[in-house]
1. Any residue in segment A:91-112 that is closer than 30 Å to B:Arg227 by Cα, of a type outside the set (D, E, K, R) and within 14 Å of chain B (Cβ to nearest Cβ)?
2. Mind checking which residues of segment A:135-164 are without any contact (Cβ under 8 Å) to a residue 60 or more places away in the chain and more than 25 Å from A:Trp186 (Cα to Cα)?
3. Within the group A:Glu30, A:Glu85, which residue is in contact with a Phe, Trp or Tyr (Cβ under 9 Å, 6 or more places away or on another chain), within 14 Å of another protein chain (Cβ to nearest Cβ) and either among the charged types (D, E, K, R) or closer than 24 Å to A:Asp162 by Cβ (or both)?
4. Kindly provide the set of residues from segment B:393-420 that are small (Gly, Ala, Ser) and under 22 Å from B:Ile363 (Cβ atoms), ordered by number.
5. Within segment B:233-253, can you find the residues that are buried (at least 23 other Cβ atoms within 10 Å of the Cβ) and not aliphatic (A, V, I, L, M)?
6. In segment A:96-115, is there at least one residue being more than 20 Å from A:Val172 (Cβ to Cβ), charged (D, E, K, R), surrounded by fewer than 21 Cβ atoms within 10 Å (Cβ to Cβ) and touching a helix residue (DSSP H, G or I) at 6+ places or on another chain (Cβ under 8 Å)?
7. Check segment A:150-167 and report whether any residue there is modelled with pLDDT of 95 or more and among the small types (Gly, Ala, Ser).
8. Can you pull out every residue in segment B:136-168 that is acidic (Asp, Glu) and under 19 Å from B:Trp250 (Cβ atoms)?
Amino acid sequence: MSAPINPEDIYEKAEVPSGRLAMWWFLSSEVCVFGGLLAVFVMLRLKNPIWEESAAKTLTVIGTINTLLLLTSSLFIVLAHHYAEKAMKDIKFKEHASYYLGLAIFLGFCFLGFKSFEYYNELSHGVTPLTNLFWSFYFFITGLHGFHVLIGIFINLWVWKDVKQGVNLQRVEIAGLYWHFVDVVWIFVFPLFYVA
Amino acid sequence: MGHAKPNFWNTYVFSIDHKMIAKQYLITGLLMAAMGGFFAYVFRMQLAFPGEAVPFFGVVEPGSYNSLITLHGSIMIFWVGMPLLLGGFGNYLIPLMIGADDMAFPKLNAMSYWTYLASIVVLIISFIVPDGPASGGWTFYPPLSANPDYTGVGAGINLWIIAVALEFFSVLMGGVNYLTTVCNMRVKGLSFMRLPMMIWMQLIAAILFMFSVGPLLAGSIMMLLDRTAGTSFFLPAGGGDPLLFQHLFWFFGHPEVYVLLLPALGVVMEVLPVHARKPLFGYKLLLWAFVAAGALSFVVWAHHQFISGMDPRMVMPFAALTLIISVPFAVCMFALIATLFKGNISLTTPMLFTLGMVAEFLIGGITGVIVGASAGDIYYHDTYYIIAHFHYTMVPITIFAMLSGVYHWYPKMWGRMYNETLGKLHFWLSAISFNFIFIPLFQVGQMGHHRRIPDPTEYEFLVSTMPYHKIATYALIVLLLAQFLFIFNFFWSMFKGKKVESNNPWQATTLEWQCPSPPVAHGNFVEIPTVHRGPYEYSTPERTEDFYPQWEKS
């Protein structure tokens with residue numbers, strides 16, 4: 001292996017750092033997963049007005065609480081990113097970054113807790129994914145979203161470990177992008193399943 | 001792994017060097033091609049000699065016939081086409097052509113290969129589970145596929161779905177890596193408009209794949225839930241919609257054709273200028289034609305569903321869009337022919353395969369116009385005419401272009417030259433036998449043979465197709481036997497072929513020909529290049545040599 005290369009000396013200037021760019025490309029394909037799925041749901045919902053009866057039974061209060069939880073956690077991720085940037089210049093800010101990242105992770109767990117209660121409540125009332133097509137979609141889409149939240153929590157925990165030691169601070173932003181995406185998906189899921 | 005001491009395991013097996021990963025993709029993909037080819041041999045024998053025991057296989061039951069065609073189709077597209085054209089050529093050429101020392105994320109790259117390998121393991125397990133392997137056709141339409149009772153196949157189909165999903169994840173990881181690498185690791189002077197077309201094609205293919213596969217990934221999970229958990233997303237009995245799956249499938253399935261086609265045309269557009277000593281005609285024109293084709297490929301999917309009960313008002317727009325999408329490819333064909341015009345053409349093996357690809361693909365394209373219009377499609381749908389049509393597109397793409405690339409970059413990959421005589425023999429045998437397989441099948445299709453009928457003699461009106469089926473089967477055997485020439489040439493030349501003296505045996509202009517043959521492990525270039533001009537400067541008047549490499553200072 002030859003002497004270490006400094007990328008800036010040999011490559012054209014990169015507009016966006018590789019990690020962030022890769023996350024954006026990845027998210028663009030994630031958008032198509034949820035976009036396609038939600039579009040399908042909307043079309044079927046319009047075709048089947050009778051689904052309204054089932055949709056009325058979703059727990060709007062818990063959905064609203066969960067919306068607030070996720071939005072707030074997104075705010076904390078933004079703050080964590082803000083302090084992580086500062087910590088790159090002055091390491092004492094890493095405490096702040098780690099504090100807000102921890103809060104975001106905590107709210108993520110709260111979201112999953114409420115979501116689990118919701119599932120429990122539905123299943124104990126005899127509503128299952130097999131009840132009808134609306135509930136199949138409900139369980140599948142919110143389940144897939146919940147799975148993404150879980151993955152987001154794992155990513156955040158993994159980044160958190162580094163932030164506490166003050167290394168790899170740029171990863172807060174990349175993990176944050178993913179977390180915001182999960183949040184945005186919920187912004188579409190919430191009105192479609194809980195409000196409409 | 002640049003720091004660890006090189007040993008057998010980290011050099012050949014758990015390598016994170018893009019060149020080794022590309023070779024792993026290449027060899028695994030070729031092995032899968034052998035598997036897919038064998039399946040084709042078995043069911044073609046059944047069609048030509050119905051009911052007789054097939055040598056090396058045995059009697060083909062109708063159930064196993066369904067499995068054979070399903071596996072042949074899915075293997076050739078998902079486990080041969082994508083790994084070879086994207087995994088193999090993408091991994092090998094992207095860093096070399098842009099002057100990078102490796103991919104942006106070498107470990108992600110290795111993970112992509114290992115996910116691909118895992119998907120093969122799952123696929124092979126699906127062959128041996130009770131009730132046999134997947135048998136729903138590669139398109140996998142519900143309701144037949146969505147309920148195990150309908151096909152009698154249980155775990156085989158579930159595992160097949162999981163295997164396909166794993167392979168999709170593998171390509172997704174690769175796609176993110178390719179896009180990031182090309183955006184951020186181009187060597188100084190290599191602006192986007194100086195990129196070799198191969199790189200552009202890999203980029204557009206990666207974007208098409210990433211934007212189209214999502215809904216099908218979701219759809220395949222829904223299918224799995226229908227099969228295992230008892231939901232009815234696609235089962236009309238429970239209120240589901242089987243047509244929905246067709247939409248999800250073809251929304252992916254049509255762009256997928258271009259995911260394969262564009263890298264194949266990338267090979268063609270690299271090989272043509274080098275072996276014709278002419279600049280590629282209309283670089284920007286071609287580029288925008290492919291961008292347009294890529295965009296249009298998202299809005300033509302329903303032409304696969306003309307007879308599946310869609311709203312007749314939707315047939316017209318989809319037929320019109322389908323005919324419009326042939327315009328960019330006509331542009332491409334003319335540009336390729338214009339590249340050859342008054343060129344100094346040398347008919348080397350890679351050039352022969354490239355010219356073969358262009359000529360055969362043209363037939364595939366023109367026969368596609370007939371079925372792109374809904375009136376023609378209603379008659380030809382699901383007949384052998386369709387089989388012949390899409391093999392005239394897919395075989396030139398995945399086999400001819402792929403082989404052209406393997407021969408063209410062979411000296412760079414292995415530092416030795418392949419045997420030219422064997423290569424030419426390989427081309428002529430393959431090209432002639434290929435036409436003898438599928439020209440008769442156009443006729444079989446016109447005579448009304450439906451693609452899922454395993455025994456034509458069971459229907460009186462199909463008995464007269466038998467001579468054509470026999471010709472096609474004999475030709476297939478010739479085609480398969482001819483590939484042994486390639487296998488021998490590939491492995492023999494690797495060790496005994498003539499050593500390549502120069503870094504640039506073809507006198508080509510793109511960056512991969514500046515680095516040593518084979519390139520340095522972990523690092524590629526001895527002298528890091530800078531780029532001073534576009535990729536296809538051949539026969540420039542101001543120079544005595546007929547090529548002007550990208551890396552040479554003016």
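The values are calculated or read from the model by the stated rules, or taken from the named source; none is laboratory data. Just so you know, these numbers come straight off a predicted model, no measurement behind them. Reconstructed Cβ throughout: ideal geometry from the backbone, glycine too, with neighbour counts over all protein chains shown.
1. There is no residue in segment A:91-112 that is closer than 30 Å to B:Arg227 by Cα, of a type outside the set (D, E, K, R) and within 14 Å of chain B (Cβ to nearest Cβ).
2. A:Lys161, A:Asp162
3. The unique qualifying residue is A:Glu30.
4. B:Ala401, B:Ser404, B:Gly405
5. Across segment B:233-253, the qualifying residues are B:Phe233, B:Phe234, B:Phe245, B:Gln246, B:Phe249, B:Phe251, B:Phe252.
6. Taking every residue of segment A:96-115 in turn, at least one turns out to be more than 20 Å from A:Val172 (Cβ to Cβ), charged (D, E, K, R), surrounded by fewer than 21 Cβ atoms within 10 Å (Cβ to Cβ) and touching a helix residue (DSSP H, G or I) at 6+ places or on another chain (Cβ under 8 Å).
7. Scanning segment A:150-167 turns up at least one residue that is modelled with pLDDT of 95 or more and among the small types (Gly, Ala, Ser).
8. Correct list: B:Glu167 only.
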